[in-house]
Every structure is written in structure tokens, then in C-alpha cells.
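Enquirer: Starting off with a structure, shown below.
Where a number appears in this text, it was derived from the coordinates with a stated rule and is not lab data. Everything numeric in this text was worked out from a predicted model, so none of it was measured. Every residue, glycine among them, receives a Cβ derived from its backbone with ideal geometry; neighbour counts consider all protein chains shown.
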Amino acid sequence: MTLSAPRPPLRLPPWQRAASLGRLLALCATVGWGAATGSAALAQNAPYDTLQRLIQADQLPQALQQADAWLTDHPKDPQARFMKGVILSRQGRTDDAVTTFTELTRDYPELPEPHNNLAVLHAAAGRLGHAREALEAAIRLNPAYAVAHQNLGDVYLRLAAQAYRTSLGLAPDTPGLAQRLQRLEAIPAATAP
């Protein structure tokens, strides 16, 4: 496993599938946002399907324009904000995506998906401690969130490799340590779906 590779080592969450976004909307209704945001009426008129199609077709400028237009009138809509974060991330606007997902975790701390997406961005930037914290938060919120568990495993592998490299730098003659690092780096890097 080449841990210094510039590509993100984590699997992105299944945001590309409409089911994931549907789960997010269902969770919004379950936790009582219906009363606060009018989620039933909101969902009926919301551009989620259109946004999803635009994202999948890689028509990101149009998707962002639609998301922004919707969020102008519905600034608290968690699903549209989540989708906007995905769009920003796909456009390479990492700082804006981090801000979007961070705000979602503050406004809706009970949603695990924004924590996972935030972790992916942190890990890609080499902020493994922040990535670990975000993934642990996602798992606390949903212990059955398989993608977050998988991503956490990938972060632990990278943290282990960092620790082994540091140890080798401090004590290069430690028996077996170089071989441990080689075995760890031989594990194929995870790739995005």
C-alpha cells in the first residue's frame, strides 16, 4: 500500500446511489425535522432526483446551480446541503466541501453521513487524526454503518504506517520493523467506487 499517494485512500460513501440520499431524507423525517422543515412538502417539491441525475452525469456546475437555487429558499434542508457538499467535493472545491459537511455535523449532529464524508476529505488531505475522529463519530451514531467502519480501518492502516516510519527513523535497526512496514504497504490501497 502506497500511503503517500495523492489519491484519497478511503472509499467514498454510497452517495452516488439514490437509496443513500433517500435514507438521509427518511432519517430527517424520523428525527422530527418534518415539523421544523416541512419535510413532507419539502421532499415533494425538492430537486433531489434532478440533483442526483446531474451528479451521476457529472454535470456538476448545473447540479451546484440547482442546489444553490433550492437552498436559497430552503437553507436548512439537510439533504440538499449534503448533496451540495458532494458536488463541491467532486468539483475539487475541498475547502468548501469541508465547510459544508462541518456545518451539517454541527446543525444535524445525529446524521452519520456528513461525518463520513468529512472524514474522507480529511484523510485525503493527510489529516488522519481528524478523519479518525469523524469516523468514530459516524460509527457512534450508526454502529451498523459499514462504509464508516471500512474507512476507519483504512485510516488505522495509514496511521500504523506513519508510526512504523517514525519508529524506523528513530531506531532503524529495530528487528522486523522494516518488514512490518513493507507488509503493511503491500496491502492494496482502497479505491473509490
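Enquirer: Using only the Cα atoms of the range 54-193, what semi-axes does the equivalent ellipsoid have when each is the square root of 5 times a gyration tensor eigenvalue? Give whole Å, largest first.
Expert: Each semi-axis is the square root of five times an eigenvalue, giving 35, 16, 12 Å.
Enquirer: Continuing with the same structure: Label points 7 Å out from Cα along the Cβ direction at residue 73 and residue 110: separation in nm?
Expert: 2.7
Enquirer: With Cβ to Cβ distances under 15 Å as the rule, what net charge do the other residues near residue 164 carry (K, R +1; D, E -1)?
Expert: Net charge around residue 164: +2.
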